[in-house]
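Worksheet: the structure to be examined is printed underneath.
The values are calculated or read from the model by the stated rules, or taken from the named source; none is laboratory data. If you're wondering where the values come from, they're calculated on a predicted model, not measured in any experiment. Note that each Cβ is placed from the backbone with ideal geometry, even for glycine, and that neighbours are counted across all protein chains shown. Ligands, DNA and RNA are excluded from the accessible area calculation, which covers all protein heavy atoms including side chains. Shrake-Rupley method; radii C 1.70, N 1.55, O 1.52, S 1.80 Å.
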Amino acid sequence: QVQLVESGGGLVQPGGSLRLSCAGSGSRFSLYTINWYRQAPGKQRDLVATITSGGSTNYVDSVKGRFTISRDNAKDTVYLQMSSLKPEDTAVYYCNARATWDKGNYWGQGTQVTVSS
């Protein structure tokens, strides 16, 4: 089992940057695939970026070249570096942990990102 806590959200102007953190607890955190999702008001929760236990990454097309997902296994933390932010990036951002050997599907509480001038 793993617990997740997101942080780093806030209000930023268009073109600005933010770094989100997802801190995990549990001895096997480094073995989980970690996903960042986001949910805008009135919309479904969508996958944004993924990093596997081996460090492979994947991004939705709308954030490619602007967002970077990374992990520091020594700190049990996954990061989402967001640059060139746009108003349409405004959403609550959630981290999610999954593993093939764990039936659980774990979520954090979310962190609000607002991009506005």
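Summary table
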| read-out | value |
| --- | --- |
| Within the range 38-53, considering residues that are open to solvent by 70 Å² or more (accessible area, probe 1.4 Å) and farther than 19 Å from Asn105 by Cα, the one modelled with the lowest pLDDT | Pro41 |
| Enumeration of residues in the range 107-117 that are open to solvent by 40 Å² or more (accessible area, probe 1.4 Å) and part of a strand (DSSP E or B) | Trp107, Gln112, Thr114 |
| Single condition Pro14 does not satisfy, out of (1) in contact with a helix residue (DSSP H, G or I) (Cβ under 9 Å, 6 or more places away or on another chain); (2) within 17 Å of Asn96 (Cβ to Cβ) | (2) |
| Yes/no for Asn35 being in a strand (DSSP E or B) and either crowded, with 16+ Cβ neighbours inside 10 Å or of a type in the set (Val, Ile, Thr) (or both) | yes |
| In the range 7-31, residue most open to solvent (accessible area, probe 1.4 Å) [restricted to those that are at pLDDT 95 or above and within 16 Å of Asn105 (Cβ to Cβ)] | Gly24 |
| Scan of the range 62-71 for residues that are outside any strand (DSSP E or B) and either under 15 Å from the mean Cα position of the chain (by Cα) or within 15 Å of Ala23 (Cα to Cα) (or both), ordered by number | Ser62, Val63, Lys64, Arg66 |
| Filtered residues of the range 72-103 (kept if open to solvent by less than 70 Å² (accessible area, probe 1.4 Å), charged (D, E, K, R) and not in a strand (DSSP E or B)) | Asp76, Asp89 |
| Residues being open to solvent by less than 60 Å² (accessible area, probe 1.4 Å) and basic (Lys, Arg) - total across the range 57-71 | 2 |
